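Everything below concerns the one structure shown next.
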Amino acid sequence: MGLISKEKKRKRSERGQSLVETAIVIPVLFLLLAAVIDFGRAFDAYIVLTNGAREGARWGSVNPELTELQVQQIVIDDVLGSGTNIIDWSQFGIANVTVAGQEEDSEEVTVTVSYNFRLWFGGLIGVPELTLTKVSVMPRWRNK
């Protein structure tokens, strides 16, 4: 009888241990989940910027008659038409795209695309936004 009462007493004293452990671990797990979600959104935005920069550089390299403004518009149209719905592109425009090398004697076209990406959960870690930048360089295509 003494052994059974000691076992019951020990179990009663450990009854809240699981609750305390869960209360400590759950916030950490939620923070990790939030970081994974924001990382996925930022990675998606980076892929969209990469494709836009590459598309603009390609159009500029094979079409030397295009102006810098036309190449910028090609990049903007590509980014805004990407089909992604997890990123707010409403602030994306001419100021986010620079084009160099559309001059006649240029050997390569360089398109730089940048975007200030707002994190959903960045306030939790003190980083409210990231600046994503992608540079694409393509040699000038010449028909010889």
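The values are calculated or read from the model by the stated rules, or taken from the named source; none is laboratory data. These numbers were taken from a predicted model, which means no experiment stands behind them. We place every Cβ from the backbone using ideal geometry, glycine too, and count neighbours over all the protein chains shown.
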Select from the range 40-68 the residues that are modelled with pLDDT under 95, within 23 Å of the chain's Cα centre (by Cα) and of a type in the set (D, E, K, R) and list them in ascending order. 41, 44
Within the range 44-102, tally of residues that are part of a loop (DSSP other than H, G, I, E, B) and among the hydroxyl-bearing types (Ser, Thr, Tyr): 4
Specify which of the listed residues (98, 110, 133) is modelled with pLDDT of 95 or more, closer than 30 Å to residue 30 by Cα and out of contact with any Asp or Glu (no Cβ under 8 Å at 6 or more places or on another chain). 133
Leading residue by the ranking (nearest to the chain's Cα centre (by Cα)) among those in the range 15-39 that are surrounded by fewer than 16 Cβ atoms within 10 Å (Cβ to Cβ) and touching a residue at least 24 places away in the same chain (Cβ under 8 Å): 37
So which residues in the range 45-65 are over 23 Å from residue 91 (Cα atoms), surrounded by fewer than 24 Cβ atoms within 10 Å (Cβ to Cβ) and touching a helix residue (DSSP H, G or I) at 6+ places or on another chain (Cβ under 6 Å), if there are any at all? 59
May I ask you to say which residue of 36, 20, 75, 25 is under 18 Å from residue 100 (Cα atoms) and not aromatic (Phe, Trp, Tyr)? 75
Scan the range 125-133 and give yes if some residue there is over 15 Å from the mean Cα position of the chain (by Cα) and not aliphatic (A, V, I, L, M), otherwise no. yes
Scan the range 115-132 residue by residue and report those that are touching a residue at least 60 places away in the same chain (Cβ under 8 Å) and in contact with a strand residue (DSSP E or B) (Cβ under 8 Å, 6 or more places away or on another chain). 115, 117, 119, 122, 130, 132
Subset of the range 9-31 (residues that are at pLDDT 90 or above and of a type in the set (A, V, I, L, M, F, W, C)): 23, 24, 25, 26, 28, 29, 30
